[in-house]
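The values are calculated or read from the model by the stated rules, or taken from the named source; none is laboratory data. Because the structure is a prediction, the values reported are computed rather than measured. Cβ atoms come from the backbone with ideal geometry, glycine included; neighbour counts cover every protein chain shown. The accessibility values were calculated without ligands, DNA or RNA, using every heavy atom of the protein model including side chains. Shrake-Rupley method; radii C 1.70, N 1.55, O 1.52, S 1.80 Å.
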Amino acid sequence: HQELERIREALQYGELRLFYQPKVNLRTGQVVGLEALIRWQKDADTLLGPQDFLPIVEHSPLIVDIGEWVLRQAIDHAMQWREQGLDLIVSVNIAARHFQHPDFLAGLQRVLAEHPEMPPDRLELEILESTALDDVLTMRALMAECQRIGVRFALDDFGTGYSSLSYLKQLPADTLKIDRSFVRDMLDDQDDLALVEGVIGLAATFRKQVVAEGVETPEHGLLLMQLECDYAQGFGIARPMPAEQVAEWISSYR
Ligand code: G
Ligand code: G
Ligand code: NA
């Protein structure tokens, strides 16, 4: 497939880049971490988002190569920020096919071994709630093996899958990320508000941290604070930015 070959070249020629979106603690206002978001700089004026090219590679082995590149690049950036005195958790989105690949754990260990100064607990892997529910027993075992080396897990787009309470109890996730569609509409829609409140309550019950995604306005932030949500991420705080802008953005925040 020609498109797939073109994306393989993009990886080889260094056209893939990571942008980062900050995550802030709603109680302290501190920047606690960043989510790595992949982009394809196809030419000087064309920056493609993940939805423009990841679906093409999602079912090909190339997703594993891209996934390992993302992990390595994100850890490189995290190390650069650490050298500047910034202790941040870097979150990386992991595709289902990459996570379920038999070599995932070995690949993760290899990347971490290349960076012995990187504390594994400063790396968080985001997997979709729907992926985690695919085969709960297998996923639980995979997550537990990764946690044994110290990395954290977040369940992404939480609320869009069908997590039963018993599944949630079985999955060793550290963090729930409330899907941005619920956060976006919670000010106008009682059902979405109830869902946001419900996920925050679930997180408290299961002693997990909770992040609201898609926080676009101060009103969203204020309500989330009142609901005692731990963390927020969204355009209202910052848009995803190139790695080179992160340190300066953090120093000017607040
Ligand atoms: O950055 P943007 O909002 O366009 O991202 C859209 C979706 O693509 C998000 O749901 C995000 O989880 C996913 N995504 C972004 N970067 C990566 C990545 O490096 N790997 C994988 N597998 N998914 C990503
Ligand atoms: O959960 P997921 O990894 O899909 O979320 C990351 C994606 O969401 C990125 O593509 C990012 O650009 C997008 N995003 C981040 N904050 C906001 C926001 O406040 N509003 C909207 N509409 N999209 C956002
Ligand atoms: Na994500």
### Message
Which lysines, if any, have their Cα less than 18 Å from the Cα of Lys23, not counting same-chain residues under 8 positions apart?
### Response
Lys177, Lys208
### Query
Per-residue HN-Hα couplings for region 67-73, Karplus 6.51 cos²θ - 1.76 cosθ + 1.60 at θ = phi - 60°, whole Hz, x for Gly and Pro?
x, 5, 4, 4, 4, 5, 5
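Using a 1.4 angstrom probe on the protein heavy atoms only, line up Asp185, Asp179 by accessible area, largest first.
Working: Asp185 50, Asp179 20 Å².
Sorted descending by solvent-accessible area, the residues read Asp185, Asp179.
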### Task
Could you pull out every residue, at least 5 positions away or on a different chain, whose amide H is within less than 5 Å of the one on Glu228? Hs are placed 1.01 Å off N in the peptide plane, and Pro or chain starts have none.
none
### Task
Output ³J(HN,Hα) for region 39-54: one whole-Hz value per residue in order, computed from phi by the Karplus curve 6.51 cos²θ - 1.76 cosθ + 1.60 with θ = phi - 60°, and x for Gly and Pro.
9, 10, 7, 6, 8, 3, 10, 10, 10, 9, x, x, 5, 7, 9, 5
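Please compute the contact order of region 77-207 in relative form: average sequence separation of alpha-carbon pairs under 8 Å and at least six residues apart, divided by the residue count, as a percent. All intermediate terms of the calculation are to be shown ahead of the outcome.
Details: 156 pairs, mean separation 25.0, N = 131.
Dividing the mean separation by the residue count of region 77-207 yields 19 percent.
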### Task
Could you calculate the contour length gain from Leu4 to Gln170, that is, 0.36 nm times the residue separation minus the distance between their Cα atoms, to one decimal place in nm?
56.1 nm
### Query
So how much accessible area does Arg97 have, in Å² to the nearest 10, using a 1.4 Å probe?
100
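Sorted by accessible area with a 1.4 angstrom probe, largest first, how do Thr205, Thr138 fall?
Listed by decreasing accessible area, they come as Thr205, Thr138.
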### Task
Read phi for every residue in region 236-252 and hand back ³J(HN,Hα) as whole Hz from Karplus 6.51 cos²θ - 1.76 cosθ + 1.60, θ = phi - 60°, with x for Gly and Pro.
x, 9, 6, 7, x, 9, x, 3, 5, 9, 5, 4, 5, 4, 4, 6, 9
### Task
Just need the relative contact order of the chain here, percent rounded to a whole number, with Cα pairs under 8 Å and 6+ apart.
19
### Query
Going 7 Å from the Cα of Asp135 in the Cα-to-Cβ direction, what parts of region 76-103 have a backbone nitrogen less than 16 Å from that spot?
96-103
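Can you check what the Kirkwood hydrodynamic radius comes to for the chain, Cα pairs only, in Å to one decimal? Working shown, then result.
On the way: mean 1/r = 0.0532 Å⁻¹.
In the chain this quantity evaluates to 18.8 Å.
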## Note on the structure
In nanometres, the difference between 0.36 nm per residue of separation and the alpha-carbon distance of Lys42 and Glu117 is 23.7 nm
## Note on the structure
Rounded to the nearest 10 Å², the accessible area of Ile149 using a 1.4 Å probe with every protein chain kept is 50
### Message
Along the charge dipole of region 136-191, pointing to its positive end and built from +1/-1 on Cβ of Lys, Arg, Asp and Glu, which listed residue (Leu155, Gln170, Phe182) has its Cα farthest out?
### Response
Gln170
### Message
Suppose accessible area is computed on protein heavy atoms with a 1.4 Å probe; arrange Lys208, Lys42 from highest to lowest.
### Response
Lys42, Lys208
### Message
Residues of region 126-147 with backbone nitrogen within less than 19 Å of a virtual label 7 Å along the Cα-to-Cβ line of Asp189, please, listed as ranges.
### Response
129-130
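Percent of accessible area on the chain owned by carbon and sulfur, 1.4 Å probe?
Details: 5990 of 12370 Å².
Summing carbon and sulfur atoms, their accessible area is 48 percent of the total for the chain.
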### Task
On the full set of protein chains, 1.4 Å probe, figure out the accessible area of Trp69 and give it in Å² to the nearest 10.
60
